[in-house]
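Down below is the structure, laid out as C-alpha cells.
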Amino acid sequence: MDLSDCGAHMHTRPSDSVLLTVTGRDGPDTTARLTGLLADAGAELLDVEQGVVQGLLTLALWVRLPEGARVGESLRALPELARELGVTVDVRAVPPAAPSLGPEPLRYVVTATGKALGVRDVHALTRELAAGNARVERITRLSETPLAAVELHVTLPADADPTALKRALLALSMASPTFDVALQRESLYRRGKRMVVMDMDSTLIRMEVIDELARAYGVHAQVAAITERAMHGEMDYDESLRQRVALLAGLDARVLHDLAANLPLTEGAETLIRVLRRLGYRTAVISGGFSVAAEALQKRLGIDFAYSNALEVRDGKLTGRTVGTIVNARRKAELLETLATQEGILLEQVIAVGDGANDLLMLEKAGLGIAFRAKPKLREAADTSISAGGLDTILTLLGLTARELREVG
C-alpha cells in the first residue's frame, strides 16, 4: 500500500528501523491510536518525543519492525488512521546508530529569560550555541504568554571547553539589558537543590544599609571614600568595615531600627522565599551588613537563618564598633559550609547568591553560585548570573515552569 496517500508520506529504504514524525491537530487519543497501530504491527519502540504548541502536535516515534517485515505491509492502516486523526505522518528509514567508541558528551542546560523573548533573542542564543559546538537536543517553554523563559538541553563534545561557551553566553546577556542566559551542568543535583543562601545589601534588598546610616548621620562622603579605597585594594574588607563603622559612633540606634523596619525588597524576593519555603528548601542570609537589618528580614520573610555583623550599642547609641567575628568573604564561605553540614545538605545542593567581591568565596563554595546584578568581574567568576530579572528568576533556573509556580502559589 502506498503510504503517500491520505497524509502519510514514506521515504524508506529496506530497514527494520523507521522514524514516524506526526504533525497536526492534537486530539485526546492521537498518541494512543498511533501507538496501538504500531503495537498491532509488532513494532518495538526505541525512542519517543512529543510536544504540543498552541494545540498543534509534533510526535516522533522511532520503532523497529519485526525482522523481515515490509514497511508498507506492516503500516498499511496508517494512511486511513492519519486521515481520521487529521494529522500528517512522515515515515523514514533510520539506519542503526553507530556504537559510540569515545566518552559520553557533556550535558548542559541553558536557561534564557527576559520580559519577552523574541525571535532575535532565540536566534542570537542558538547562534552562540552553534558557534560553541553545542548541539541542541530539546527546547522546553517554561513561561506562559508571553514567551519569557525557555530551557534548552544541549550537549558538548567530551573534549570541549565549557568555559568558552559560558563566556560567550555571558557576553550575550551583558549586551542586552532585558535578557539573561544561564549555563548549568545537567546532573542529578540541578533540580535537587535544597538550600538557598543570599547576601543582603544590594541583593535581597535594594540598598546598602551602611550607606543609608551614614547619609542619615551626615558622614556619607567619608564612608563612600573608604569604600572606594577598599574596592581599589588599598585596604582589606575588615579594616574598611572598622573604619566605616567608627564614623557612625554616636548615631541613635533608633535610626538603625527604623531603617530595618522599612527595608526595600528586591524585585522577586518575596516570591522566591515563599516558593522555596513551600517546596521545603532551607533559606539563609549571610551578610557583611548588620544584624538588626538581617534579623528584621528573617522575621519578615520567614527566612530560616541569618548571619551578619552586630553593631555595639550603649545607652541607645552606636559605639562605632562591631561585636564578634566580622562576616567577611572567608567567613561567609565558612558559614555556608557549616550550615550545609548542620542541615545534612551536600554543597552541590546549595545555591549562593550575591552581588559583590565579598561574595565570591561563598559563590565558589556552593553547587551553584549566582552573581545577581553584579559587577562584570563577579559575573565572570560565578557559575551564572542574573541582571535583567528579579530574584524569582532563580526559580526558573531550577527548571520550574509557570504552571508549577501557580500550583505552589
Original post:
Taking region 62-93 only, how many residues are of a type in the set (Val, Ile, Thr), touching a helix residue (DSSP H, G or I) at 6+ places or on another chain (Cβ under 9 Å) and touching a residue at least 60 places away in the same chain (Cβ under 8 Å)?
Top reply: 4
Original post:
Out of the residues in region 13-43 that are buried (at least 16 other Cβ atoms within 10 Å of the Cβ) and closer than 14 Å to residue 67 by Cα, which is farthest from the chain's Cα centre (by Cα)?
Top reply: 41
Original post:
If residue 53 passes every condition in (1) buried (at least 18 other Cβ atoms within 10 Å of the Cβ); (2) β-branched (Val, Ile, Thr); (3) closer than 30 Å to residue 170 by Cα but one, which one does it miss?
Top reply: (1)
**OP:** For residue 292, state whether it is among the β-branched types (Val, Ile, Thr), under 28 Å from the mean Cα position of the chain (by Cα) and either crowded, with 16+ Cβ neighbours inside 10 Å or at pLDDT below 95 (or both).
**Re:** no
Original post:
For residues in region 175-222 being of a type in the set (A, V, I, L, M), at pLDDT 95 or above and in contact with a Phe, Trp or Tyr (Cβ under 7 Å, 6 or more places away or on another chain), which is farthest from residue 284 (Cα to Cα)?
Top reply: 209
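Being buried (at least 23 other Cβ atoms within 10 Å of the Cβ), in contact with a Leu (Cβ under 9 Å, 6 or more places away or on another chain), in contact (Cβ under 8 Å) with a residue 40 or more places away in the chain and outside any helix (DSSP H, G or I): is that true of residue 340 here?
Details: buried (at least 23 other Cβ atoms within 10 Å of the Cβ): yes; in contact with a Leu (Cβ under 9 Å, 6 or more places away or on another chain): yes; in contact (Cβ under 8 Å) with a residue 40 or more places away in the chain: yes; outside any helix (DSSP H, G or I): no.
No.
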**OP:** Identify all residues within region 44-55 that are under 28 Å from the mean Cα position of the chain (by Cα) and not acidic (Asp, Glu); write none if there are none.
**Re:** 48, 50, 51, 52, 53, 54, 55
Original post:
When you go through (1) at pLDDT 95 or above; (2) out of contact with any Phe, Trp or Tyr (no Cβ under 7 Å at 6 or more places or on another chain); (3) of a type outside the set (Asp, Glu); (4) closer than 24 Å to residue 400 by Cα one by one for residue 172, which number turns out not to apply?
Top reply: (1)
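If only one of 331, 282 is crowded, with 19+ Cβ neighbours inside 10 Å and closer than 30 Å to residue 239 by Cα, which one is it? Break it down stepwise before answering.
Values: 282 fails: closer than 30 Å to residue 239 by Cα.
The match here is 331.
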Original post:
Are any residues in region 255-272 within 16 Å of residue 386 (Cβ to Cβ) and either of a type in the set (A, V, I, L, M, F, W, C) or within 16 Å of the chain's Cα centre (by Cα) (or both), and if so, which ones?
Top reply: 265, 268, 269, 271, 272
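Per-residue answers, yes or no, for (1) at pLDDT 95 or above; (2) not aliphatic (A, V, I, L, M):
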{"residue": "231", "(1), (2)": "no, no"}
{"residue": "237", "(1), (2)": "no, yes"}
{"residue": "241", "(1), (2)": "yes, no"}
{"residue": "244", "(1), (2)": "yes, yes"}
{"residue": "248", "(1), (2)": "yes, no"}
{"residue": "263", "(1), (2)": "yes, no"}
{"residue": "271", "(1), (2)": "yes, yes"}
{"residue": "282", "(1), (2)": "yes, yes"}
**OP:** Restricting attention to strands (runs of 3 or more DSSP E) lying wholly within region 90-208, give those where 3 or more residues are exposed (fewer than 15 other Cβ atoms within 10 Å of the Cβ).
**Re:** 135-141
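The values are calculated or read from the model by the stated rules, or taken from the named source; none is laboratory data. All values derive from a computational prediction rather than experimental measurement. Every residue, glycine among them, receives a Cβ derived from its backbone with ideal geometry; neighbour counts consider all protein chains shown.
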